[in-house]
Amino acid sequence: MAPQPPEGAPQRHEATMTYSVALLRRATWRKWQALFSWRYALAVLLMGGAGAYLWLQGERGWTIGVLGLALGLALVMPVVVWLQLWRAAQNALRALGPTASAALVADEAGLQITSAAGSAALPWPRITELRPYPQFWLMQTDDAAWATLPTGGLSAQARQYIADQASAHGAKVRRG
């Protein structure tokens, strides 16, 4: 176990994050679930129920047409979003190169991520949400971008530090 820095001393956590197709598939599924929660399914069911009720009551006008179009779009949207998320994940994995890894540094300034695809510095206030899962964390930024952080290379102290810093700067830290 690494020694703890003295109280009040600046902390710096470094890790290597390794990505895989299986990890990104799970992360994509979780991102999709975050976007299309039970509330979305409930809204689609209510819309379908309203349409069925109107149809059974004899409505055959423009109201049924508009409701049917909206219902059709509501059913197609999750599929389109899944495909877009999955393609983006595959492209990002290819951009990482043959090692499929990135270096992460977490310190007082925020997160710095460096890989074959480039580097990025993300100050803590830009992180709006963290969703920790056992093998990865999903992180959302203030421009609605999502990032996947594999946790295999992160120590328990680094995980706690990232969660604490993100929360202290206003991010919602959700539990799975």
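The values are calculated or read from the model by the stated rules, or taken from the named source; none is laboratory data. Small disclaimer: the values here were computed from a predicted structure and weren't measured. Reconstructed Cβ throughout: ideal geometry from the backbone, glycine too, with neighbour counts over all protein chains shown. Please note that ligands, DNA and RNA were not included when accessible areas were found on the heavy atoms of the full protein model with its side chains. Shrake-Rupley method; radii C 1.70, N 1.55, O 1.52, S 1.80 Å.
Got at least one residue in the range 71-80 being under 22 Å from Ser167 (Cα atoms) and under 17 Å from the mean Cα position of the chain (by Cα)?
no
Among (1) touching a residue at least 40 places away in the same chain (Cβ under 8 Å); (2) open to solvent by 80 Å² or more (accessible area, probe 1.4 Å), which single condition is Leu69 missing?
(1) is the only condition that Leu69 fails.
Do any strands (runs of 3 or more DSSP E) lying entirely in the range 26-127 carry at least 3 residues that are small (Gly, Ala, Ser), and which ones are they?
Hits in the range 26-127: 101-107, 118-123.
Output the number of residues of the range 6-25 satisfying the condition of being in a helix (DSSP H, G or I) and either of a type in the set (Lys, Arg) or touching a Lys or Arg at 6+ places or on another chain (Cβ under 6 Å) (or both).
Here the count works out to 1.
Which one of these does Ala95 not meet: (1) open to solvent by 30 Å² or more (accessible area, probe 1.4 Å); (2) touching a His at 6+ places or on another chain (Cβ under 6 Å)?
Every listed condition holds for Ala95 apart from (2).
Identify, by number, the condition in (1) of a type in the set (A, V, I, L, M); (2) at pLDDT below 95; (3) loosely packed, with under 15 Cβ neighbours inside 10 Å that Val80 doesn't meet.
The one condition Val80 does not meet is (2).
Quick test for you: out of Ala103, Ala144, Ala120, Ala163, pick the one residue that is closer than 13 Å to Thr18 by Cα and open to solvent by less than 70 Å² (accessible area, probe 1.4 Å).
Ala103
Could you list, in sequence order, all residues of the range 147-160 that are over 24 Å from Gln84 (Cβ atoms) and either in contact (Cβ under 8 Å) with a residue 24 or more places away in the chain or surrounded by 15 or more Cβ atoms within 10 Å (Cβ to Cβ) (or both)?
Correct list: Thr151, Gly152, Gly153, Leu154, Ser155, Gln157, Ala158, Arg159.
Has the range 20-27 got any residue that is open to solvent by 50 Å² or more (accessible area, probe 1.4 Å) and farther than 18 Å from Trp146 by Cα?
No, every residue in the range 20-27 fails to be open to solvent by 50 Å² or more (accessible area, probe 1.4 Å) and farther than 18 Å from Trp146 by Cα.
Exactly one condition in (1) more than 30 Å from Leu46 (Cβ to Cβ); (2) at pLDDT below 95; (3) touching a strand residue (DSSP E or B) at 6+ places or on another chain (Cβ under 7 Å) is false for Trp146; which is it?
If we test Trp146 against (1) more than 30 Å from Leu46 (Cβ to Cβ); (2) at pLDDT below 95; (3) touching a strand residue (DSSP E or B) at 6+ places or on another chain (Cβ under 7 Å), just (1) comes out false.
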